[in-house]
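The values are calculated or read from the model by the stated rules, or taken from the named source; none is laboratory data. The structure presented is a predicted model; accordingly, all values stated were derived computationally and were not measured. Every residue, glycine among them, receives a Cβ derived from its backbone with ideal geometry; neighbour counts consider all protein chains shown. What goes into the accessible areas is simple: the full protein's heavy atoms, side chains included, and nothing from ligands, DNA or RNA. Shrake-Rupley method; radii C 1.70, N 1.55, O 1.52, S 1.80 Å.
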Amino acid sequence: MDSLIAASARALAAGDALGALKHVALRDDPPALALRGIAMAQLGEHPRARELLRRAARGFGAHEELARARCVVAEAEVALAVRDIGGSPRPLTVALATLEAHADHANALQARLIAVRRLVLLGRLEEAEAALAMLDARGLPPLLAAVAELTAAELALRSLRVDAARAALARAHEAAGRARVPALLAEAMEARAALDRPAARRLSADGEQALRLDEVAALLASDALVLDACRRGMGAGTVWRPLARRPILFALARALAEAWPGDADRETLIACAFRTRHPDESHRARLRVEIGRLRALAATLARIEATARGFILRPLDDRAVVVLAPPIDGDQASLLALLSDGAPWSTSALALALGASQRSIQRALAELEAAGRVRSIGQTRTRRWLSPPLAGFTTILLLPAALPMD
């Protein structure tokens, strides 16, 4: 390794992309191209970074498979940063095997973390959690430890394990401080700050109350019967009844929950479920049918009894009823709330859940995507929509050659 390559690598390790470029900006040999690619990625020039990394990988000879594998993993990191996750994971898998065969444990762990983060972006959260649990995090460099903890926090937040997420974010912040990478430290701080922002509203006859994520988790774990308008369902304790794909039943359940401890009259229920202000006998007959379906679905949580005016919700075991709503009203807020569990949704499923037309959902998604608040994977009929990661992914990349010893 010559002195300019070594100096550029040290600058990148310290997060000084411009300083790294000064040493190798005019060179076209493979190690220099790889360093230039990493520097460009850290500066946000992702298309140029990918081009340079591919040129570097092609430039390394057959006897330099380790350097080539490092370039492949670095390019995979760039693809992750720009959310290009539609390609095959096979090149990354092959590169990982090469790194492990050459005992490059730090970069192999980096490759495994990229694979885990890719699963998170694809909404395959159970696979991501299993893969992360298999990582041997002992002795990780601070930079990789911070990324691993941010990923663990993301997965914990998706399942509302707020205490676990807070602990992981604290470890991520400490590791990022030791790594001395400003972007990574800022990401950890932003993720921790997100825990203290309003995540939902608790609605009651007395008004509404903003709740943080830990307060939402505590409410869902309590003995109350919660009508969750964020995830579109109802539950108490460990019992959960999803209603996202049954919008009429959800509308009826919400109207009954908002009227509790009183009853909801039939005209109000018909207006909420069927969106008509002029009900006739056919609407009343349909209301009886749908109430029967809701009664059967919620039998382990509450009874639904007829009254002179309409129907009343009577929770089992004298539970209180709580309505949990998104932080703000509107179609976009409802979309974001549905996507917040990290699972991928099709446009048709979102339209069904919200009782809206696919065209209106597509318009709302386009606006949210332009604002960076949702993202899509796949094309045409296979396109699915997800929320962005709760913590962004800093492009830290890895070095295409080992740093020289001091």
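On the basis of being out of contact with any Gly (no Cβ under 6 Å at 6 or more places or on another chain), more than 27 Å from GLU174 (Cα to Cα) and free of Cβ contacts under 8 Å to residues at least 12 places away in the same chain, does GLU75 make the cut?
Details: out of contact with any Gly (no Cβ under 6 Å at 6 or more places or on another chain): yes; more than 27 Å from GLU174 (Cα to Cα): yes; free of Cβ contacts under 8 Å to residues at least 12 places away in the same chain: no.
It is false that GLU75 is out of contact with any Gly (no Cβ under 6 Å at 6 or more places or on another chain), more than 27 Å from GLU174 (Cα to Cα) and free of Cβ contacts under 8 Å to residues at least 12 places away in the same chain.
Consider the range 291-328. How many of its residues are in a loop (DSSP other than H, G, I, E, B) and either in contact with a Phe, Trp or Tyr (Cβ under 6 Å, 6 or more places away or on another chain) or surrounded by fewer than 19 Cβ atoms within 10 Å (Cβ to Cβ) (or both)?
9
Can you find even one residue in the range 320-330 that is farther than 21 Å from ALA200 by Cα, out of contact with any Pro (no Cβ under 7 Å at 6 or more places or on another chain) and in contact (Cβ under 8 Å) with a residue 24 or more places away in the chain?
First pass over the range 320-330, keeping only residues farther than 21 Å from ALA200 by Cα: none.
No: zero hits.
Quick one: ARG245 ticks every box in (1) closer than 13 Å to LEU297 by Cβ; (2) in contact (Cβ under 8 Å) with a residue 40 or more places away in the chain; (3) open to solvent by less than 70 Å² (accessible area, probe 1.4 Å) except a single one, so which number is it?
Going through (1) closer than 13 Å to LEU297 by Cβ; (2) in contact (Cβ under 8 Å) with a residue 40 or more places away in the chain; (3) open to solvent by less than 70 Å² (accessible area, probe 1.4 Å) one by one, ARG245 breaks only (3).
Right, ARG161: open to solvent by 50 Å² or more (accessible area, probe 1.4 Å), at pLDDT 85 or above and under 22 Å from the mean Cα position of the chain (by Cα) or not?
When the stated conditions are applied, ARG161 passes them.
Anything in the range 269-290 that is within 36 Å of the chain's Cα centre (by Cα) and assigned to a helix (DSSP H, G or I)? List them, or say none.
Hits for the range 269-290 are LEU269, ILE270, ALA271, CYS272, ALA273, PHE274, GLU290.
Within the group GLU45, GLU64, which residue is at negative phi and under 25 Å from the mean Cα position of the chain (by Cα)?
Being at negative phi and under 25 Å from the mean Cα position of the chain (by Cα) holds for just one of GLU45, GLU64, which is GLU45.
Please name all residue pairs, on different chains or six or more residues apart, with Cβ atoms under 7 Å, provided the first residue is in the range 1-16 and is part of a helix (DSSP H, G or I) and the second residue is β-branched (Val, Ile, Thr).
LEU4/VAL24; ILE5/VAL24; SER8/VAL24; LEU12/ILE38
A quick yes/no check of all residues on (1) among the β-branched types (Val, Ile, Thr); (2) surrounded by fewer than 15 Cβ atoms within 10 Å (Cβ to Cβ); (3) in contact (Cβ under 8 Å) with a residue 60 or more places away in the chain:
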| position | (1), (2), (3) |
| --- | --- |
| LEU99 | no, no, no |
| ASN107 | no, no, yes |
| ALA111 | no, no, no |
| ILE114 | yes, no, no |
| GLY123 | no, no, yes |
| GLU126 | no, yes, no |
| ASP136 | no, yes, no |
| ALA148 | no, no, no |
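Just need a number here: residues in the range 355-375 that are within 24 Å of ARG124 (Cβ to Cβ) and open to solvent by less than 30 Å² (accessible area, probe 1.4 Å).
5
Among the residues in the range 85-93, are any out of contact with any Gly (no Cβ under 9 Å at 6 or more places or on another chain) and either basic (Lys, Arg) or closer than 27 Å to ALA193 by Cα (or both)?
yes
Quick one: what pairs do we get from the range 297-318, first residue touching a residue at least 24 places away in the same chain (Cβ under 8 Å), second surrounded by fewer than 13 Cβ atoms within 10 Å (Cβ to Cβ) and outside any strand (DSSP E or B), C-beta under 7 Å, 6+ apart or different chains?
Matching pairs, first to second residue: none at all.
Count, please, the residues in the range 168-203 that happen to be farther than 22 Å from ALA81 by Cβ and within 18 Å of the chain's Cα centre (by Cα).
Qualifying residue count for the region: 6.
Going through the range 1-39 one residue at a time, which ones are under 17 Å from GLU75 (Cβ atoms) and not charged (D, E, K, R)?
Matches in the range 1-39: LEU12, ALA17, PRO30, PRO31, ALA32, LEU33, ALA34, LEU35, GLY37, ILE38, ALA39.
Restricting to the range 78-95, give me the number of residues that are in contact (Cβ under 8 Å) with a residue 40 or more places away in the chain, among the small types (Gly, Ala, Ser) and surrounded by 15 or more Cβ atoms within 10 Å (Cβ to Cβ). Can you show your working first?
Filtering the range 78-95 down to residues in contact (Cβ under 8 Å) with a residue 40 or more places away in the chain leaves 78, 80-81, 83, 85-86.
Next, from what is left, pick out any that are among the small types (Gly, Ala, Ser): 81, 86.
Of the ones still in play, those that are also surrounded by 15 or more Cβ atoms within 10 Å (Cβ to Cβ) are 81.
The qualifying residues number 1.
Conditions tested, residue by residue: (1) open to solvent by 50 Å² or more (accessible area, probe 1.4 Å); (2) under 30 Å from GLY262 (Cβ atoms); (3) of a type outside the set (Ser, Thr, Tyr).
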residue	(1), (2), (3)
ARG180	yes, no, yes
ALA186	yes, no, yes
MET189	yes, no, yes
ASP196	yes, no, yes
ARG201	no, yes, yes
LEU213	no, no, yes
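For ALA103, indicate whether it is closer than 24 Å to ILE5 by Cβ and of a type outside the set (Asp, Glu).
yes
Mind checking which pairs have a first residue in the range 264-278 that is within 13 Å of VAL289 (Cβ to Cβ) and a second that is of a type outside the set (A, V, I, L, M) and in a loop (DSSP other than H, G, I, E, B), Cβ under 6 Å, 6 or more apart or different chains?
Pairs that qualify, where the first residue is within 13 Å of VAL289 (Cβ to Cβ) and the partner is of a type outside the set (A, V, I, L, M) and in a loop (DSSP other than H, G, I, E, B), are ILE270/PRO279.
Mind checking which residues of the range 172-200 are under 16 Å from GLY15 (Cβ atoms) and not hydrophobic (A, V, I, L, M, F, W, C)?
Result: GLY177, ARG178, ARG180, PRO182, GLU187.
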